[in-house]
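The values are calculated or read from the model by the stated rules, or taken from the named source; none is laboratory data. Bear in mind that the values here come from a model prediction, so they are computed numbers and not experimental data. Counting neighbours? That spans all protein chains shown, and the Cβs are built from the backbone with ideal geometry, glycine included. For the accessible areas, the whole protein counts, side chains as well, though only heavy atoms, and no ligand, DNA or RNA atoms are used. Shrake-Rupley method; radii C 1.70, N 1.55, O 1.52, S 1.80 Å.
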Amino acid sequence: MKMIGKYRKIYRTAAICLVLAGFFVLFGFLYRHDNKYTAGPPYGRDGHFSFSEKDLSNPLFLIDGWEFYPDRLLTPEETADEGYLLYIGQYPTFSAFHPTGSPFGAGTYRLTLSYDGKPRILTLEIPEIFTDYTLWIGGEKAAVTGSSPSVSFLMDQEITLTLQTENYTHYYSGLTYPPALGTPEIINRLFFVRNLFYQVLWLVPLTLALFSIAVWLIHGHDALFRHFGLLCLGFSVPVLHPFLWQAGLTGQFWYALEDASWCFVLTQAAAIASISAGFYDVRWFRKLITPLTAGLTLLSFIWVYGMIPSFPAASAWYGTLTALYRTGCFVFLILCAAKGIYEEQKDGWYTLAGGVCLGMGLYANILDNNRFEPIYTGWQLEYAGFFLVLIFGGLMVRRNLLLIRQGKELELVTLLNRMAKESAASIRQNMDQVRAVKHEMAHHISALEALEAAGEYKRLKEYLLELHKKKEAIPPLYYCENYLVNAILSNCLSAASRAGIRVSCRASLPEELNLPDTELCILFSNLLDNASEACALLPGDADRFIDVDIHMDGRLLSVLCRNAMKERRRSSGFPSTTKAFPEEHGFGLRAMESVVEKYEGALDISEDQNVFTVKLLLYIPSPV
């Protein structure tokens with residue numbers, strides 16, 4: 001057993017290493033093939049971006065060579081000598097140009113497009129600008145705050161883009177992300193693929209959230225399902241962002257809600273990890289962590305929505321706080337995983353895999369800071385969050401299967417308890433009958449002796465027959481060595497006997513059968529219940545009987561059950577197969593058939609002269 005456990009740890013460790021390697025490969029692929037900054041030439045330079053008609057086979061990304069004029073809102077006609085040449089993302093805020101480090105202020109971006117080709121319509125993707133802006137194309141106003149995320153224009157040799165931006169609310173300011181330029185078909189394809197990607201990122205967690213909450217309600221409010229459902233709901237908020245942005249519905253409130261939702265996702269991940277590690281059951285821990293994490297989520301919202309607009313310097317503090325909180329959650333997940341693995345809990349490996357996802361997302365964000373922006377798909381942290389949802393979803397599936405198995409076990413225990421009570425009642429009743437017979441035995445012997453002495457042999461014979469009937473009326477307590485089957489036979493046949501049904505049973509089974517107790521219950525309980533119900537439909541003066549024969553032939557379990565049944569009209573066409581069953585004999589037979597099919601057995605059902613017959617053959621596998 002120790003050797004098996006050792007190999008399991010090796011396999012799970014290898015799986016974690018594969019997850020880690022998979023993220024390295026994925027993020028490396030994204031950095032090279034789905035990144036505006038590595039998409040390749042042409043490049044801008046000194047305020048100009050030159051391209052030809054053959055370059056339009058792919059989207060072009062306007063990253064390099066922008067002119068930037070801080071603290072000035074220049075119209076297309078205005079010129080200025082004091083400016084900077086920069087690439088988009090070099091300064092994600094205006095803070096680099098202010099001695100106070102404030103991200104607030106204004107600025108103008110300018111880039112001249114030079115085209116060598118026939119005049120044609122091009123489309124410019126306007127990336128998200130977090131505050132007020134006005135875009136001029138060739139001296140004409142083309143877009144303002146809240147406009148469509150793309151604009152089309154006629155490109156003929158040379159045209160100048162002028163972008164005015166103002167920021168007095170957000171921790172990002174100016175043109176943070178590079179615009180994309182291309183034919184309408186290419187830009188529309190870009191939006192289509194990106195929207196499809198985010199639909200998956202949004203719908204999958206939302207579906208899992210509904211499933212988890214439903215399971216939470218069904219399984220007695222298990223905290224693990226509640227926190228997973230909340231994690232999925234929290235993750236579905238930020239990945240909804242591209243759709244709201246394209247609809248022009250984003251703003252300061254949404255940005256604050258989005259940041260708070262990321263904090264909320266990490267909070268729920270920490271809660272799931274604490275439950276898996278057993279920390280959640282510690283009262284002081286729960287009382288400390290729950291208010292703390294909830295408070296940090298609320299603080300994140302207040303900081304973005306209220307503090308940054310009022311205190312610009314709070315923007316830098318917010319970045320530090322966010323990094324510390326995310327790092328702290330990552331460390332906490334790893335600690336919970338270490339505890340679970342040390343205590344040989346399978347949940348610990350799920351937590352470790354989730355921690356790896358989170359850690360890789362954080363690491364990629366730090367490593368690729370201002371050097372990565374996705375073209376068609378999403379950010380590294382969104383990938384990490386999505387895989388965190390999937391991995392914890394696997395943990396939820398495992399927990400749900402465990403709860404189902406526990407429910408079945410509880411069902412079986414309940415059934416066995418009921419049978420034990422019924423068996424005890426039957427034994428008590430039979431013992432009372434035996435005691436009554438024993439008490440009357442002296443009188444019966446005296447009466448028999450008197451009849452014999454008087455030569456009343458006819459009456460003596462009748463008296464003996466009456467005593468024999470009383471003896472037969474006492475049902476047997478023992479049918480076979482298998483405890484469960486014996487209990488089922490004793491309960492069902494005793495009840496049938498008390499209902500006036502003539503019962504005969506021959507059973508020969510070993511003490512142990514390599515068959516789950518639940519399946520034994522399904523087979524024999526349904527078989528005898530159906531037989532009893534069929535006899536109960538007959539009038540009292542009919543010959544109501546149940547005849548059962550159960551025995552083993554090697555590994556083959558053979559069961560034959562015959563019982564009386566009500567007369568049926570032949571037009572109903574009762575079948576002799578298990579494909580369809582008449583209403584009065586159909587209860588439970590499909591459940592029996594499923595067990596028979598599982599063990600590649602045979603089930604035959606027939607009716608002959610108001611006698612219902614069930615023949616069952618089942619191959620019992622050998623114990624491992």
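Here is a yes/no grid of residues against (1) surrounded by 15 or more Cβ atoms within 10 Å (Cβ to Cβ); (2) within 30 Å of residue 253 (Cα to Cα); (3) among the small types (Gly, Ala, Ser):
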{"residue": "132", "(1), (2), (3)": "yes, yes, no"}
{"residue": "136", "(1), (2), (3)": "yes, yes, no"}
{"residue": "142", "(1), (2), (3)": "yes, yes, yes"}
{"residue": "148", "(1), (2), (3)": "no, yes, yes"}
{"residue": "152", "(1), (2), (3)": "yes, yes, yes"}
{"residue": "156", "(1), (2), (3)": "no, no, no"}
{"residue": "162", "(1), (2), (3)": "yes, yes, no"}
{"residue": "166", "(1), (2), (3)": "yes, yes, no"}
{"residue": "170", "(1), (2), (3)": "yes, yes, no"}
Yes/no for residue 81 being surrounded by fewer than 13 Cβ atoms within 10 Å (Cβ to Cβ), of a type in the set (Asp, Glu), at pLDDT 90 or above and more than 17 Å from residue 180 (Cα to Cα): no
Only listed residue being at pLDDT below 85, open to solvent by 70 Å² or more (accessible area, probe 1.4 Å) and within 45 Å of the chain's Cα centre (by Cα), chosen from 582, 623: 623
Breaking point among (1) closer than 26 Å to residue 381 by Cβ; (2) at pLDDT 90 or above; (3) more than 43 Å from the chain's Cα centre (by Cα), for residue 96: (2)
Failed criterion for residue 376 (all others in (1) aromatic (Phe, Trp, Tyr); (2) touching a Phe, Trp or Tyr at 6+ places or on another chain (Cβ under 9 Å); (3) part of a helix (DSSP H, G or I); (4) in contact (Cβ under 8 Å) with a residue 12 or more places away in the chain hold): (3)
Region 45-74: number of residues that are of a type in the set (Lys, Arg) and either at positive phi or surrounded by 14 or more Cβ atoms within 10 Å (Cβ to Cβ) (or both): 1
Test set (1) in contact with a helix residue (DSSP H, G or I) (Cβ under 6 Å, 6 or more places away or on another chain); (2) farther than 23 Å from residue 365 by Cα - residue 293 fails condition number: (2)
Every residue from region 316-349 that is closer than 27 Å to residue 259 by Cβ and either within 25 Å of the chain's Cα centre (by Cα) or assigned to a loop (DSSP other than H, G, I, E, B) (or both): 326, 329, 330, 331, 332, 333, 334, 335, 336, 337
Total residues in region 84-99, condition surrounded by 20 or more Cβ atoms within 10 Å (Cβ to Cβ) and either of a type in the set (Ser, Thr, Tyr) or assigned to a strand (DSSP E or B) (or both): 3
Selection count where residues are open to solvent by 50 Å² or more (accessible area, probe 1.4 Å) and either touching a Pro at 6+ places or on another chain (Cβ under 6 Å) or within 18 Å of residue 617 (Cβ to Cβ) (or both), scope region 482-509: 2
Residue among 235, 285, 279, 243 that is assigned to a helix (DSSP H, G or I) and open to solvent by 40 Å² or more (accessible area, probe 1.4 Å): 243
Residue in region 220-234 that is within 29 Å of residue 146 (Cα to Cα) and over 14 Å from the mean Cα position of the chain (by Cα) present: yes
Single condition residue 320 does not satisfy, out of (1) within 21 Å of residue 11 (Cα to Cα); (2) open to solvent by 20 Å² or more (accessible area, probe 1.4 Å): (1)
Residue within region 243-263 that is touching a residue at least 40 places away in the same chain (Cβ under 8 Å), in contact with a Leu (Cβ under 8 Å, 6 or more places away or on another chain) and more than 30 Å from residue 143 (Cβ to Cβ) present: yes
Residue ID - surrounded by the fewest Cβ atoms within 10 Å (Cβ to Cβ), chosen from residues in region 332-368 that are within 25 Å of residue 34 (Cα to Cα) and of a type in the set (Val, Ile, Thr): 366
From the options 559, 595, residue that is part of a helix (DSSP H, G or I) and either closer than 25 Å to residue 511 by Cβ or at pLDDT 90 or above (or both): 595
Flag if residue 212 is in contact (Cβ under 8 Å) with a residue 40 or more places away in the chain, open to solvent by less than 20 Å² (accessible area, probe 1.4 Å), in a helix (DSSP H, G or I) and of a type in the set (S, T, N, Q): yes
Conditions (1) under 45 Å from the mean Cα position of the chain (by Cα); (2) open to solvent by less than 10 Å² (accessible area, probe 1.4 Å); (3) among the small types (Gly, Ala, Ser); (4) over 19 Å from residue 183 (Cβ atoms); number of the one not met by residue 102: (2)
Filtered residue count, region 28-44, keeping only those that are open to solvent by 20 Å² or more (accessible area, probe 1.4 Å) and either aliphatic (A, V, I, L, M) or touching a helix residue (DSSP H, G or I) at 6+ places or on another chain (Cβ under 9 Å) (or both): 7
Any hit, region 97-112, residues being free of Cβ contacts under 8 Å to residues at least 40 places away in the same chain, touching a Ser or Thr at 6+ places or on another chain (Cβ under 6 Å) and not hydrophobic (A, V, I, L, M, F, W, C): no
